[in-house]
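Enquirer: Structure incoming, see below.
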Amino acid sequence: MNVLKRNNVSIIGNSEKVMLFAHGFGCDQNAWKYIKDAFIADYKLVLFDYVGAGQSDLNSYDPKRYATLDGYAIDILEICEALKLEDVVFVGHSVSCMIGVLAAIRQPAIFKKLIFIGPSPCYINKGSYTGGFDQETIDSLFEVMDEDYISWARSLAPTIMANENGPELAQELADSFCSIDPDIAKDFARVTFLSDNRKDLPLVPVESLTIQCTDDIIAPLVVGQYINENTLKNTLTVIKAYGHCLHMSHPAQTIAAIRTYL
């Protein structure tokens, strides 16, 4: 298997320091275009597409492998091993934050720092924990998705991006959602929204940064606070903004938060 082809890996720059970007659900590596150039001078950038997204190899999709987030974490580790990467600064968005957590727990020596943008260890309210959604809402979400994925994607994207950030970004996100193989997207959505990684947070072996915005329908601020309180050596930075995709809607603030932390 050619891992780099499987995940359509892109490498920019030749610095000794490495920054690896992992996109969220419904996106591909193009989602990082608003912030990646800010780090080219200091880092070698590694970008990729999860199997099923972007220009990845769809034939490599294995429902059993990707039935949990661990399958995606193993992909990241295989990319790092193929490129012989170490001391990696991992930048993940949304579900990729927990994928990065799982990868770092498996092989901590590869990672130097983890940066989370809009993370959530669990999207469903459970007991005293507030994830943002109840089980009934998630079930309804899946039901609509199964009936008509394209319509579901086009209706959900503006909510995720937040209309306050303009119709252009909402359209860009919708187009990205709709470009992904629908069957794989449905599987990934279920893995994303049904995963519970709260128990993994205390096991994170390296320093991390949580970037959360004040008004995010997918990952409310209280979720970022939970991560900060339950993860060793975690720093919380809050950006006053709307939406779940800060790296797209508020790139300058996101870049500043990452630079300040690093």
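The values are calculated or read from the model by the stated rules, or taken from the named source; none is laboratory data. The structure presented is a predicted model; accordingly, all values stated were derived computationally and were not measured. A quick note on method: Cβ atoms are made from the backbone with ideal geometry, for glycine too, and the neighbour counts reach across all protein chains shown. Side chains included, ligands, DNA and RNA excluded: accessible areas come from the protein's heavy atoms. Shrake-Rupley method; radii C 1.70, N 1.55, O 1.52, S 1.80 Å.
Enquirer: With region 182-262 as the region, which helices (runs of 4 or more DSSP H) entirely inside it contain at least 3 residues that are open to solvent by 60 Å² or more (accessible area, probe 1.4 Å)? I'd like the intermediate steps shown before the answer.
Expert: On the way: elements: 182-194, 221-230, 246-249, 251-261.
In region 182-262, the matching helices (runs of 4 or more DSSP H) lie at 182-194, 221-230, 251-261.
Here's the yes/no breakdown for (1) in contact with a strand residue (DSSP E or B) (Cβ under 9 Å, 6 or more places away or on another chain); (2) closer than 23 Å to T214 by Cα:
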| residue | (1), (2) |
| --- | --- |
| I35 | yes, yes |
| A38 | no, no |
| K44 | yes, no |
| Q55 | no, no |
| H93 | yes, yes |
| A104 | yes, no |
| I110 | yes, no |
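Enquirer: Next up: Going by what's in this entry, would F116 be described as touching a residue at least 12 places away in the same chain (Cβ under 8 Å), assigned to a helix (DSSP H, G or I) and aromatic (F, W, Y)?
Expert: Values: touching a residue at least 12 places away in the same chain (Cβ under 8 Å): yes; assigned to a helix (DSSP H, G or I): no; aromatic (F, W, Y): yes.
For F116, the condition - touching a residue at least 12 places away in the same chain (Cβ under 8 Å), assigned to a helix (DSSP H, G or I) and aromatic (F, W, Y) - is not met.
Enquirer: Output the residue which, of all residues in region 138-173 that are among the small types (G, A, S) and more than 20 Å from D215 (Cα to Cα), is modelled with the highest pLDDT.
Expert: S140
Enquirer: Next question. Among (1) in contact with a Gly (Cβ under 8 Å, 6 or more places away or on another chain); (2) more than 15 Å from S195 (Cα to Cα), which single condition is Q55 missing?
Expert: (1)
Enquirer: Looking at region 114-131, which of its residues are surrounded by fewer than 18 Cβ atoms within 10 Å (Cβ to Cβ) and not charged (D, E, K, R)?
Expert: N125, G127, S128, Y129, T130
Enquirer: Within region 67-76, identify whether any single residue is farther than 14 Å from A103 by Cβ and modelled with pLDDT of 95 or more, and answer yes or no. Can you show your working first?
Expert: Keep residues of region 67-76 that are farther than 14 Å from A103 by Cβ, which gives 67.
Imposing the further condition that a residue be modelled with pLDDT of 95 or more reduces the set to 67.
So far as region 67-76 goes, yes, one or more of its residues are farther than 14 Å from A103 by Cβ and modelled with pLDDT of 95 or more.
Enquirer: Could you please give the count of residues in region 65-102 that are of a type outside the set (V, I, T) and either part of a helix (DSSP H, G or I) or over 22 Å from Y43 (Cβ atoms) (or both)?
Expert: Number of matching residues: 19.
Enquirer: Same structure again: Return the residues of region 142-168 that are assigned to a helix (DSSP H, G or I), crowded, with 17+ Cβ neighbours inside 10 Å and of a type in the set (A, V, I, L, M); say none if nothing qualifies.
Expert: Within region 142-168, M145, A153, L156, A157, I160, M161 meet the criteria.
Enquirer: Does V238 meet the test of being among the aliphatic types (A, V, I, L, M) and over 16 Å from the mean Cα position of the chain (by Cα)?
Expert: For V238, the condition - among the aliphatic types (A, V, I, L, M) and over 16 Å from the mean Cα position of the chain (by Cα) - is met.
Enquirer: Follow-up. Which residue, of Y50, Y34, is surrounded by 24 or more Cβ atoms within 10 Å (Cβ to Cβ), under 21 Å from C245 (Cα atoms) and of a type in the set (F, W, Y)?
Expert: One residue alone meets the criteria, Y50.
Enquirer: A further question follows. Could you tell me how many of the residues in region 160-191 are closer than 22 Å to D146 by Cα, out of contact with any Phe, Trp or Tyr (no Cβ under 9 Å at 6 or more places or on another chain) and free of Cβ contacts under 8 Å to residues at least 24 places away in the same chain?
Expert: Result for region 160-191: 4.
Enquirer: Write out, first by first residue and then by second, each pair whose Cβ atoms fall under 9 Å of each other, whose residues are 6+ apart or on separate chains, and whose first residue, in region 97-108, is farther than 11 Å from A22 by Cα and open to solvent by less than 10 Å² (accessible area, probe 1.4 Å) while the second is in a helix (DSSP H, G or I) and among the small types (G, A, S).
Expert: V101/A73; A103/A73; A104/A73
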